[in-house]
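*Asks:* Pasting a structure below so you can have a look.
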Amino acid sequence: MIILGIETSCDETSAALVKNGSYVLSNIVASSLKLHRKYGGVIPEIASRAQLEYIQPVVSTALKEAKIKIKDIDLIAVTKGPGLGGSLLIGLSFAKALSFAIKKPFIGIDHIQAHLYAPALSQKIKPPFVGLVVSGGHTSLFFVKNFLSFKLLGHTVDDAIGEAFDKVAKIMGLAYPGGPLVEKLARRCKNSKIRFTCGRLDRKLDFSFSGIKTAVLYKVNSLNGKISFRDKTGIAHAFQEAVFDDVVKKSLLACESKKTKRLVIGGGVASNMRFRQKLMQAALKNRIKIYFPEHNYCLDNAAMIAGLAYHLYKKMGGSKLSMQIEPT
Ligand code: KG4
Ligand code: ZN
């Protein structure tokens, strides 16, 4: 079964052709990131205009690269949410129009659940497992009984982890998106005494990152505008260690509570090498097997949308043309 995946939830426009749920024939990603940089974050109106501009060439390129004719696709899979309303609307309207024109079914897919399918594009993963999504918009733990059943175990009560990375970077005067830059700085840290901690919550599997972000702001303000490179590396290192310790601890706790030895990771922050190292060390001690996505499937992409759609469509069939976007 050949599925055309379409992902337009934020500032990436992506289209992919995936055969039978895991064989990726093409995965094209265009990003409007550079248009948002000067504002220090994604501007929804700019993102949706770019989606409109990019969607048709991105889909055409994906078909061309996969050497697939439009009449040969069996299903169109599209992100229905969560994400930015305007951006989601472009993808869904495009998918509906294409479905109507070529008389092929379409199916709406949840973006967060698809992030947890990304590791399955390159390795066999047998549910049940605990899934951890660490992205710019979400930080959530799920119990995944099968690819049709995602039970939320905990989530962030304020900022998402990637958002916290981006804000900490902004406080230190770094560019957007700040996650990779904070990782780079942290790697240069030598013997810093700076320490941060994440807030404690009543619900043990929930997350909170706004307190630590404010602690970083206070630390930077206390330097009276004289932040040195050494300060920056110390702050980046202390921030990164604290948030990853928190996420690793809660992921293991979730595995223990669900009595599973499988942990699947998804989302942009999964490309952080220190995160992978910390998680691997903890997993080894607890005999838990970790499944990471390949680096090109950590960030938003349409291959994960088409991959998950294969399982959903087989069990539940397609969506109705009246389907609406689900931005939150
Ligand atoms: O999954 P994603 O593309 O976006 C959402 O679906 O929300 O992830 C983007 C996020 C950004 O916040 C970015 O700063 C963060 O992932 N990120 C990282 C790294 N690479 C990307 N955070 C920490 N370390 C990285 N190496
Ligand atoms: Zn995402």
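The values are calculated or read from the model by the stated rules, or taken from the named source; none is laboratory data. What you see is a predicted model; the values in this text were computed from it and never measured. Please note: Cβ atoms are built from the backbone with ideal geometry, for glycine as well, and neighbour counts cover all protein chains shown.
*Asks:* Mind listing whichever residues of the stretch 142-180 are under 16 Å from Ile265 (Cα atoms), more than 16 Å from ligand 2 (Cβ to nearest atom), touching a residue at least 24 places away in the same chain (Cβ under 8 Å) and touching a strand residue (DSSP E or B) at 6+ places or on another chain (Cβ under 9 Å)?
*Replies:* Answer for the stretch 142-180, where residues must be under 16 Å from Ile265 (Cα atoms), more than 16 Å from ligand 2 (Cβ to nearest atom), touching a residue at least 24 places away in the same chain (Cβ under 8 Å) and touching a strand residue (DSSP E or B) at 6+ places or on another chain (Cβ under 9 Å): Phe143, Val144, Leu153, Gly154.
*Asks:* Is there a residue in the stretch 250-267 that is touching a residue at least 40 places away in the same chain (Cβ under 8 Å) and over 19 Å from Phe150 (Cβ atoms)?
*Replies:* Taking every residue of the stretch 250-267 in turn, none turns out to be touching a residue at least 40 places away in the same chain (Cβ under 8 Å) and over 19 Å from Phe150 (Cβ atoms).
*Asks:* Moving on. When the stretch 119-160 is examined, which residues are found to be within 20 Å of Cys255 (Cα to Cα), within 18 Å of the chain's Cα centre (by Cα) and of a type in the set (Val, Ile, Thr)?
*Replies:* Correct list: Val130, Val133, Val134, Thr139, Val144, Thr156.
*Asks:* Regarding the stretch 2-15, can at least one residue be identified that is surrounded by fewer than 24 Cβ atoms within 10 Å (Cβ to Cβ), away from ligand 1 (no atom under 13 Å from the Cβ) and not in a strand (DSSP E or B)?
*Replies:* No.
*Asks:* Out of all the residues in the stretch 32-52, is one or more away from ligand 2 (no atom under 16 Å from the Cβ), among the aromatic types (Phe, Trp, Tyr) and at pLDDT below 95?
*Replies:* Scanning the stretch 32-52, I find at least one residue that is away from ligand 2 (no atom under 16 Å from the Cβ), among the aromatic types (Phe, Trp, Tyr) and at pLDDT below 95, so the answer is yes.
*Asks:* Let me ask you something else. Scan the stretch 123-134 residue by residue and report those that are within 14 Å of ligand 2 (Cβ to nearest atom) and in contact with a strand residue (DSSP E or B) (Cβ under 6 Å, 6 or more places away or on another chain).
*Replies:* Once the filter is applied, which keeps residues that are within 14 Å of ligand 2 (Cβ to nearest atom) and in contact with a strand residue (DSSP E or B) (Cβ under 6 Å, 6 or more places away or on another chain), the stretch 123-134 yields Gly131, Leu132, Val133.
*Asks:* While we're here: Output the residues belonging to the stretch 211-227 that are at pLDDT below 95 and surrounded by 13 or more Cβ atoms within 10 Å (Cβ to Cβ).
*Replies:* Once the filter is applied, which keeps residues that are at pLDDT below 95 and surrounded by 13 or more Cβ atoms within 10 Å (Cβ to Cβ), the stretch 211-227 yields only Ile227.
*Asks:* Still on this model: Among the candidates Ala254, Ala236, which residue alone is in the same structural domain as Phe209 (by TED's automatic domain parsing) and either more than 15 Å from ligand 1 (Cβ to nearest atom) or touching a strand residue (DSSP E or B) at 6+ places or on another chain (Cβ under 7 Å) (or both)?
*Replies:* Checking each option against the conditions leaves just Ala254.
*Asks:* Would you check if Ile76 is over 20 Å from the mean Cα position of the chain (by Cα) and crowded, with 24+ Cβ neighbours inside 10 Å? Break it down stepwise before answering.
*Replies:* Values: over 20 Å from the mean Cα position of the chain (by Cα): yes; crowded, with 24+ Cβ neighbours inside 10 Å: yes.
Considered against the rule, which asks whether it is over 20 Å from the mean Cα position of the chain (by Cα) and crowded, with 24+ Cβ neighbours inside 10 Å, Ile76 comes out as yes.
*Asks:* Scan the stretch 176-195 residue by residue and report those that are touching a helix residue (DSSP H, G or I) at 6+ places or on another chain (Cβ under 6 Å) and surrounded by fewer than 21 Cβ atoms within 10 Å (Cβ to Cβ).
*Replies:* Of everything in the stretch 176-195, those that are touching a helix residue (DSSP H, G or I) at 6+ places or on another chain (Cβ under 6 Å) and surrounded by fewer than 21 Cβ atoms within 10 Å (Cβ to Cβ) turn out to be Tyr176, Leu181, Arg188, Cys189, Ser192, Ile194, Arg195.
*Asks:* Within the stretch 126-141, can you find the residues that are part of a loop (DSSP other than H, G, I, E, B) and either among the basic types (Lys, Arg) or more than 11 Å from ligand 1 (Cβ to nearest atom) (or both)?
*Replies:* Hits for the stretch 126-141 are Lys126, Pro127, Pro128.
*Asks:* If you don't mind, there's one more thing I want to ask. Does the stretch 187-197 contain any residue that is more than 11 Å from ligand 1 (Cβ to nearest atom), part of a strand (DSSP E or B), closer than 22 Å to Asp245 by Cα and in the same structural domain as Tyr218 (by TED's automatic domain parsing)?
*Replies:* Within the stretch 187-197, not a single residue is more than 11 Å from ligand 1 (Cβ to nearest atom), part of a strand (DSSP E or B), closer than 22 Å to Asp245 by Cα and in the same structural domain as Tyr218 (by TED's automatic domain parsing).
*Asks:* Given (1) more than 16 Å from ligand 2 (Cβ to nearest atom); (2) part of a helix (DSSP H, G or I); (3) crowded, with 21+ Cβ neighbours inside 10 Å, identify the lone condition not met by Leu308.
*Replies:* Unmet for Leu308, out of (1) more than 16 Å from ligand 2 (Cβ to nearest atom); (2) part of a helix (DSSP H, G or I); (3) crowded, with 21+ Cβ neighbours inside 10 Å: (1).
Here's the yes/no breakdown for (1) of a type in the set (Lys, Arg); (2) modelled with pLDDT under 95; (3) away from ligand 2 (no atom under 16 Å from the Cβ); (4) closer than 14 Å to Gly307 by Cβ:
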position	(1), (2), (3), (4)
Tyr54	no, no, yes, no
Ile70	no, no, yes, no
Ile73	no, no, yes, no
Phe94	no, no, yes, no
Phe106	no, no, yes, no
Pro119	no, no, no, yes
Gly136	no, yes, no, no
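*Asks:* Hey, can you tell me all the residues within the stretch 95-119 that are surrounded by fewer than 24 Cβ atoms within 10 Å (Cβ to Cβ) and more than 16 Å from ligand 1 (Cβ to nearest atom)?
*Replies:* Correct list: Lys96, Ala97, Leu98, Ser99, Phe100, Ala101, Ile102, Lys103, Lys104, Pro105.
*Asks:* Further question: Within the stretch 143-158, track down each residue that is modelled with pLDDT of 95 or more and assigned to a loop (DSSP other than H, G, I, E, B).
*Replies:* Val157, Asp158
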